[in-house]
Amino acid sequence: MCTPALASLSAAPAAVTLLVWSLAVAPLAYAQDSSLPPAAGAASMQLAPEVEVSLAGYEANLKVAIEAGDLQSQVSALDRIGALYFRHGNPAEALKSFQRVLPIVHILGEQTAEGTALSDIGAADFALGRDEEALEAFKQALPIWRKAGNQDREAATLGDIGEVFRALDDPDEALLFDQRALPFYEMSGNRDAQATVLNNIGLAYYALRNKEKALDAFQEARELYHMCMNLSGEANALNNIGGTYNAFGETRRALDPFQQALVIQRQLGNRKGQATTLNNMGTAYSRLGDGKRALELYKQALPAFRDAGDVNGAATAMKNIELLYADGRYRSSLGERPKDFDVAARFRGEP
């Protein structure tokens with residue numbers, strides 16, 4: 001069975017970047033970006049007019065429920081308010097609503113609702129970069145889902161915990177929880193989720209410097225994504241295969257999976273994915289001694305990062321270009337660095 005993945009792409013810029021997929025459970029089953037930046041000042045963000053209308057309606061419902069002492073309706077309204085803020089990029093405000101839910105469901109004695117509230121709190125904390133707090137919330141939710149016999153939520157929470165441990169740079173613990181999640185999806189036949197967990201297992205092995213197991217996991221993930229016609233997932237797995245070859249010194253073998261990933265990303269119009277893969281390909285050609293080709297690829301990555309709004313990615317590509325010009329091997333082929341080669345101007349798309 002190929003079900004829609006509860007996952008969303010997050011790629012951190014680096015000289016060679018692997019792409020992370022997350023099974024994190026977001027409010028009301030909306031997908032969550034696995035590595036959102038800390039939402040400093042998020043409470044002051046302006047919502048679109050139609051979203052403001054929905055928010056006003058939910059807040060009115062909450063006020064009525066509070067006046068009537070209707071705890072169930074309070075939970076429902078707070079859930080909707082939190083989910084709305086979360087979907088529209090304001091996890092700080094979302095967290096406030098989810099934290100108000102928790103003591104109410106304690107009073108009601110509804111364990112499933114408590115598990116949902118804890119999972120939502122964990123998702124919001126994680127989006128805010130509050131990794132330890134997210135880990136605590138997810139660990140509290142896990143036995144609730146297990147006791148309720150809800151294997152889908154138990155598996156997703158195991159994946160959430162693995163994702164937090166990745167953020168905490170603890171691949172051993174991340175691998176442990178991902179491996180515990182995998183059998184649930186194998187039993188249910190959810191191949192998309194299997195692929196996501198396998199990709200994350202590959203990331204753990206990559207961080208542990210186990211090339212063969214990382215490649216095995218990424219390749220299996222790629223095959224499952226292909227079977228499910230999940231092109232985004234397949235492109236990410238291909239990028240990770242190429243990145244692994246590149247990182248472990250088999251640079252020529254990295255080029256083919258990178259090229260395959262790039263074809264898919266262009267087909268999908270995924271500019272951030274294109275930028276990441278172009279940057280990775282540039283690094284591969286640089287290692288192979290082809291400075292001109294590397295420079296061409298880095299220069300293609302720059303406008304793609306710009307289109308994706310990824311300032312850090314653009315800066316990384318620019319840094320890689322600077323390193324090429326500073327490398328004595330390429331002085332004759334690249335010539336002098338252009339004097340007007342400015343990071344900010346290039347990111348804005350200026351000549």
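The values are calculated or read from the model by the stated rules, or taken from the named source; none is laboratory data. All figures in this text were calculated on a predicted structure; none of them were measured in a lab. We place every Cβ from the backbone using ideal geometry, glycine too, and count neighbours over all the protein chains shown. Surface areas here come from the heavy atoms of the whole protein model, side chains and all, with no ligands, DNA or RNA. Shrake-Rupley method; radii C 1.70, N 1.55, O 1.52, S 1.80 Å.
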Working only within segment 271-294, note down all residues that are open to solvent by less than 10 Å² (accessible area, probe 1.4 Å), among the small types (Gly, Ala, Ser) and touching a residue at least 40 places away in the same chain (Cβ under 8 Å). GLY273, ALA275, ALA284, GLY291
Checking ILE201 against (1) within 18 Å of the chain's Cα centre (by Cα); (2) closer than 20 Å to ASP120 by Cβ; (3) crowded, with 24+ Cβ neighbours inside 10 Å; (4) of a type outside the set (Phe, Trp, Tyr), the condition it does not meet: (2)
Among the residues of segment 246-257, are any in contact (Cβ under 8 Å) with a residue 24 or more places away in the chain, farther than 26 Å from GLN219 by Cβ and open to solvent by 30 Å² or more (accessible area, probe 1.4 Å)? no
Yes or no: GLU220 of a type outside the set (S, T, N, Q), out of contact with any Phe, Trp or Tyr (no Cβ under 8 Å at 6 or more places or on another chain) and at pLDDT 95 or above? yes
Name the single residue, out of those in segment 103-120 being over 13 Å from ILE144 (Cβ atoms) and among the aliphatic types (A, V, I, L, M), that is least open to solvent (accessible area, probe 1.4 Å). ILE104
Here the residues within segment 230-286 that are of a type in the set (Val, Ile, Thr) and under 18 Å from the mean Cα position of the chain (by Cα) are ILE241, THR276, THR277
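For residues that are in a loop (DSSP other than H, G, I, E, B) and open to solvent by 50 Å² or more (accessible area, probe 1.4 Å), scanning just segment 34-46, find the one that is modelled with the highest pLDDT.
Filtering segment 34-46 for residues that are in a loop (DSSP other than H, G, I, E, B) and open to solvent by 50 Å² or more (accessible area, probe 1.4 Å), the one modelled with the highest pLDDT comes out as GLN46.
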Does segment 181-195 contain any residue that is under 15 Å from ARG166 (Cβ atoms) and crowded, with 24+ Cβ neighbours inside 10 Å? yes
In segment 121-151, the residues that are open to solvent by 10 Å² or more (accessible area, probe 1.4 Å), under 16 Å from the mean Cα position of the chain (by Cα) and of a type outside the set (Asp, Glu): PHE126, LEU128, GLY129, ARG130
If you scan segment 47-99, which residues turn out to be open to solvent by 30 Å² or more (accessible area, probe 1.4 Å), under 25 Å from LEU128 (Cα atoms) and small (Gly, Ala, Ser)? ALA48, SER54, ALA56, SER76, GLY89
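Yes or no, residue by residue, for (1) among the hydrophobic types (A, V, I, L, M, F, W, C); (2) modelled with pLDDT of 95 or more:
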position	(1), (2)
GLY122	no, yes
GLU136	no, yes
PRO143	no, yes
ASP152	no, no
ALA156	yes, no
ARG166	no, no
LEU176	yes, yes
LEU182	yes, yes
ALA193	yes, no
Within segment 295-306, track down each residue that is within 9 Å of GLN274 (Cβ to Cβ) and surrounded by fewer than 20 Cβ atoms within 10 Å (Cβ to Cβ). GLN300
Looking at segment 60-74, is at least one residue in a helix (DSSP H, G or I) and under 24 Å from the mean Cα position of the chain (by Cα)? no
Would you mind listing the helices (runs of 4 or more DSSP H) fully within segment 101-192 where at least 1 residues are closer than 24 Å to GLY82 by Cβ, free of Cβ contacts under 8 Å to residues at least 60 places away in the same chain and charged (D, E, K, R)? 111-127, 131-148, 151-167
